[in-house]
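Undergrad: What follows is a single structure, and I will ask about it in a moment.
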Amino acid sequence: MKRRNVPTSGPRFVRRRSPIHGFGLFARRRIAKGERLIEYKGQLINADQADGRYPETDTPPHTFLFDAEDDMYIDGGVDGNWSRFINHSCNPNCEAVQQGRRIFIESIRTIQPGEELFYDYCITLDEPHNATAKKKWICKCGAPNCRGHMLGKKS
């Protein structure tokens with residue numbers, strides 16, 4: 001059996017078309033559990049600037065906004081990096097770790113070469129997470145434990 005050449009150094013991931021949504025990031029090499037992969041970068045904006053920046057007419061709405069803290073958001077669509085291409089899954093292999101106003105993506109299990117990187121977006125809305133909101137924020141991850149939407153539990 002011929003072994004595939006898997007890189008052991010260099011970039012840990014590559015951007016390419018995702019079967020889930022648009023583009024995604026895929027592991028180029030084995031990634032160990034607990035590795036810090038990338039910082040979610042972008043323009044730091046306040047809530048007023050964030051309101052209406054991305055139209056909510058799409059289902060699900062397309063946004064690069066990440067809640068940083070204190071009504072501040074990181075807009076990965078402006079001055080962002082590849083982190084904005086990590087898609088949502090209800091069965092993620094990564095998680096977002098917040099340190100102040102900085103967000104880092106870390107692996108929560110070993111990720112094999114070729115696997116797409118995912119984290120659970122856990123979107124929380126100001127309005128109730130009712131059936132209409134769940135339909136609007138539909139999830140297409142296809143995981144066996146898919147909850148059908150990208151909304152997180154309201155605190």
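The values are calculated or read from the model by the stated rules, or taken from the named source; none is laboratory data. Small disclaimer: the values here were computed from a predicted structure and weren't measured. Ideal geometry is used to build each Cβ from the backbone, glycine not excepted, and the neighbour counts take in all protein chains shown. Protein only, heavy atoms only, side chains kept; ligands, DNA and RNA dropped before computing areas. Shrake-Rupley method; radii C 1.70, N 1.55, O 1.52, S 1.80 Å.
Undergrad: So, in the stretch 117-154, how many residues would count as being in a loop (DSSP other than H, G, I, E, B), more than 20 Å from residue 47 (Cβ to Cβ) and of a type in the set (Lys, Arg)?
TA: Selection size over the stretch 117-154: 3.
Undergrad: Also: Could you figure out which of (1) more than 17 Å from the chain's Cα centre (by Cα); (2) under 23 Å from residue 107 (Cβ atoms); (3) charged (D, E, K, R); (4) exposed (fewer than 12 other Cβ atoms within 10 Å of the Cβ) isn't true of residue 28?
TA: For residue 28, the exception is condition (4).
Undergrad: Among the residues of the stretch 12-25, what is the count of those that are open to solvent by less than 50 Å² (accessible area, probe 1.4 Å) and touching a Gly at 6+ places or on another chain (Cβ under 8 Å)?
TA: Residues in the stretch 12-25 being open to solvent by less than 50 Å² (accessible area, probe 1.4 Å) and touching a Gly at 6+ places or on another chain (Cβ under 8 Å): 2 in total.
Conditions tested, residue by residue: (1) over 11 Å from the mean Cα position of the chain (by Cα); (2) modelled with pLDDT of 90 or more.
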| position | (1), (2) |
| --- | --- |
| 81 | yes, yes |
| 84 | no, yes |
| 94 | no, yes |
| 111 | yes, yes |
| 121 | no, yes |
| 124 | yes, no |
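Undergrad: Taking the residues in the stretch 35-53 that are open to solvent by less than 50 Å² (accessible area, probe 1.4 Å) and within 17 Å of the chain's Cα centre (by Cα) as candidates, determine which candidate is farthest from residue 118 (Cα to Cα).
TA: Per the criteria, the residue is 42.
Undergrad: Yes or no: the stretch 119-133 includes at least one residue that is exposed (fewer than 15 other Cβ atoms within 10 Å of the Cβ) and β-branched (Val, Ile, Thr).
TA: Yes, the stretch 119-133 contains a residue that is exposed (fewer than 15 other Cβ atoms within 10 Å of the Cβ) and β-branched (Val, Ile, Thr).
Undergrad: For the stretch 80-116, name all the residues that are part of a loop (DSSP other than H, G, I, E, B) and farther than 15 Å from residue 15 by Cα. Give the steps one after another, and end with the answer.
TA: Step one: of the stretch 80-116, the residues part of a loop (DSSP other than H, G, I, E, B) are 80-81, 86, 89-93, 100-101, 108-110, 112-115.
89, 90, 91, 92, 93, 100, 101, 108, 109, 110, 112 - these are the residues of the stretch 80-116 that are part of a loop (DSSP other than H, G, I, E, B) and farther than 15 Å from residue 15 by Cα.
Undergrad: Considering only the stretch 58-79, I want to know if a residue exists there that is under 23 Å from residue 24 (Cβ atoms), of a type in the set (Phe, Trp, Tyr), assigned to a loop (DSSP other than H, G, I, E, B) and open to solvent by less than 50 Å² (accessible area, probe 1.4 Å).
TA: For the stretch 58-79, residues under 23 Å from residue 24 (Cβ atoms), of a type in the set (Phe, Trp, Tyr), assigned to a loop (DSSP other than H, G, I, E, B) and open to solvent by less than 50 Å² (accessible area, probe 1.4 Å): present.
Undergrad: Write out, first by first residue and then by second, each pair whose Cβ atoms fall under 8 Å of each other, whose residues are 6+ apart or on separate chains, and whose first residue, in the stretch 116-145, is under 18 Å from residue 105 (Cα atoms) while the second is basic (Lys, Arg) and loosely packed, with under 12 Cβ neighbours inside 10 Å.
TA: These pairs meet every condition: 122/153.
Undergrad: Can you confirm whether the stretch 83-100 contains a residue that is exposed (fewer than 14 other Cβ atoms within 10 Å of the Cβ) and of a type in the set (Asp, Glu)?
TA: Taking every residue of the stretch 83-100 in turn, none turns out to be exposed (fewer than 14 other Cβ atoms within 10 Å of the Cβ) and of a type in the set (Asp, Glu).
Undergrad: Does residue 80 satisfy the criteria of being out of contact with any His (no Cβ under 7 Å at 6 or more places or on another chain) and more than 23 Å from residue 150 (Cα to Cα)?
TA: In short, no.
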